[in-house]
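Read-outs: derived from the displayed coordinates by stated rules, not from any lab. Here the structure is a predicted model, which is why all the values come from computation and not from measurement. Heads up, the Cβs are rebuilt from the backbone with ideal geometry, glycines too, and the neighbour counts pull from every protein chain shown.
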Amino acid sequence: MRFEETNDTIYCRFGENMNTIVCAEAAPVLAERIDTVLARTPGGNVVFDLKETRYICSGFLRLCILHGKKAGKERFRVENASDEVRNVFNMTGLTSLMSPSQ
């Protein structure tokens, strides 16, 4: 997992496999980084970039929902999802979290 901050946006870039163990390890790091950015920049944006991600578990969907609520629906989005990952978002009804271009 990598982070990049530009202006009022934090980009969270994830690895290929976001399984249960990886998500559990990532959760506290994600929370700390995102909380710090949102505290420093009220109204900041949170982007989960899934360009490299090929597998997500339900724990990853939980992270999306949690941080989507924290940032606010208008300021959270998921970008660059593969077809496989996009299908999971479709099946769970969470496509509203995805970038409009998805």
Can you find, within the range 49-66, the residue that is nearest to T6 (Cα to Cα) among those that are touching a residue at least 40 places away in the same chain (Cβ under 8 Å) and crowded, with 19+ Cβ neighbours inside 10 Å?
L63
Scan of the range 17-50 for residues that are under 23 Å from R86 (Cβ atoms) and in contact with a strand residue (DSSP E or B) (Cβ under 7 Å, 6 or more places away or on another chain), ordered by number
N17, M18, N19, L30, I34, N45, V46, V47, F48, D49, L50
Taking the range 77-98 and the residues there that are under 27 Å from A39 (Cβ atoms), in contact with a Lys or Arg (Cβ under 8 Å, 6 or more places away or on another chain) and touching a residue at least 24 places away in the same chain (Cβ under 8 Å), the one that is surrounded by the most Cβ atoms within 10 Å (Cβ to Cβ) would be L97
